1. Report the paramagnetic label zone for Ala34: residues of segment 49-73 whose backbone N is under 19 Å from a point 7 Å from Cα along the Cα-to-Cβ axis.
2. Hey, what do the phi angles of segment 388-400 turn into as Karplus ³J(HN,Hα) couplings, whole Hz, using 6.51/-1.76/1.60 and θ = phi - 60°, x for Gly and Pro?
3. Taking 0.36 nm per residue of sequence separation and subtracting the Cα-Cα distance, how much length would be gained by fully extending the chain between Arg198 and Ser158, in nm to one decimal?
4. Taking θ as phi - 60°, what are the ³J(HN,Hα) couplings along segment 174-185 by the Karplus curve (6.51, -1.76, 1.60), each to the nearest whole Hz, with x for Gly and Pro?
5. With 32 Å as the limit, write out which pairs from Lys318/Lys369; Lys24/Lys255; Lys255/Lys318 have Cα-Cα distances beyond it, or answer none.
6. Starting from the amide H of Arg42, placed 1.01 Å from N in the peptide plane, find each other amide H under 5 Å away whose residue is 5 or more places distant or on another chain.
7. Determine which residues of segment 192-216 fall in the zone a paramagnetic label at Val230 would reach in this model, i.e. backbone nitrogen under 13 Å from the point 7 Å along Cα→Cβ.
8. As I understand it, the dipole of segment 177-234 uses +1 on the Cβ of Lys and Arg and -1 on the Cβ of Asp and Glu, about the Cα centre. Which of Gly226, Ala213, Tyr195 lies farthest toward its positive end?
Amino acid sequence: MVPWTEKYRPRRLRDLANQEEAKKELVAWANQWARGEPPEPRAVLLHGPPGTGKTSAAYALANEFGWDVVELNASDKRTRDVIEKVVGGASTGRSLLRLVQRAGGRHERVEGSDRVLVLVDEVDGIDPREDRGGVTALIRAVKRARNPLILVANDPWSLPKSLRDEVRMIEFRRLRQRDIVEVLRRICESEGVEYDERALQMIARRARGDLRAAINDLEAIARSTGRVTVEDVRDLGWRDKEITIFEALGRIFNKPPREARRALWNLDEDPDDVLLWIAQNVPRAYSEPEEIERAYDYLSKADVFSSRAIETGNWRFKYVYATDLMTTGVAAARRGKPPGFVRFQPPRILRKLSLTRREREILNSIAEKVAERMHVSTRVAKNDIIPILQVAFRRFVEEESERGLEILSGIAGYLRLTKREIAYLCEDPRVAQRIYNRSLQVRKRLKEARREELRERVEEMMREVEEAPAEGEKAVETLAVEEEEEEEEGETGEEASEEEEEREEEKKEKREEQKTLDAFF
């Protein structure tokens, strides 16, 4: 099954989202090569945040000009010898595929000139210690290039100035939200996925300019349900950084240990949270029992160090030792070939708590109302009173009667339960609507009774004192107005708009996620 990020990779530059200035500059550079007039500099450096289309632009350019591609990425060794043989050889020679064609071999025909595009991805990941001499060899290959050479980097300023001086730097800017939404909409229509426009906007907003992140999020939801709703996206609340965690997992499970160690350097996630993600996906990435055993052994040691950080206050245990164990250790546990593409899953414990978050909020709300009306603690309300209410409400669902409706609507009206809270107790939205409608009448009668009670109390006071009748009437009206305002405030809160509700839920979601992690560890 081809991932959507590959399936919908742009085949032409015009299909690349935004980046108009970068595309114009890249095409002008390529046109000089196509005319047989090698430009100066002979290599370009595409730089910008992850997911902005740098690598896709290189492949789309090669496709349009009919060039074959020789790629060297971060998973390959980039020592001096490797770069001289692969990059240096390809940048000065003709297309190998065309040599095969002329020798009578079989291959997919590529129309165009005898050029070959050399692509070196993640240049800023070249390690000066492990990839000894790699940068020097790359500079030499750039100077001698007789074929187009494209370098790709997220952070160009981490590269030596001697390399930057030999290339033309082309910036890829962070994508706008509307650009990402347009791509997501096109994918949904192509795949026959039902979607809510607001859901696509939420995915794009959380991707923070990373199109690859947004597409992976869209695929994770749509593959399982065939639709994309606001509720589905909201259930991904625990995945605050969306794709960055997936990119980190990909590096940990697929890269050499030295590369895996850098997986968390630019990841804005708590190490405890990352540990849960890795633990959840070890069996999906590794198939050999020995590899799985070694990986979990390293994770258990990382967990111990993380706990010691909390106990001792020495945070090196967590942010140095634990992170090294969960990245380098897990990567070193692999003995065979990298697993390649893995459909990572979120930690079940976080997902379970995310799915039950709303139910827990409703339960807490009911407990607070019961505690206030019955003068008990919320703990007593949850453990002793609410279970009895649930039995009563659910029995009414099984055996509906006018008497039962009158009693339950009286309870709901007295406690001022909302429609959602009643539905939680009876587990039937249809019955909950009936009880709620009747409870509004009960609340109205209770308000009138309360008002009459207040009036009688004031009149009794007036008879006893027999003075200031005007002030007595004013006191009655003041008490009545206060009662009405209190009632209206409750109803207004209950009928809050969906937009306000979503904002409040997002805030609660973040607080709940932090509480979950704190409780778990």
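1. 56-70
2. Here the 3J(HN,Hα) series is 5, 4, 4, 4, 5, 5, 6, 5, 5, 4, 6, 10, 5 Hz.
3. Difference between extended and current length: 10.6 nm.
4. Once θ is set to phi - 60°, the couplings for segment 174-185 become 4, 6, 7, 4, 5, 5, 5, 4, 4, 5, 4, 5 Hz.
5. Result: Lys318/Lys369; Lys24/Lys255 exceed 32 Å.
6. none
7. 196-203, by backbone N distance to the label point.
8. Most positive-ward Cα: Ala213.
Just so you know, all these numbers are worked out from the coordinates, no wet-lab data involved. Predicted, not measured: the structure shown is a model, and the values here were computed from it. Here the Cβ is made from the backbone with ideal geometry for all residues, glycine too, and neighbour counts use every protein chain on show.
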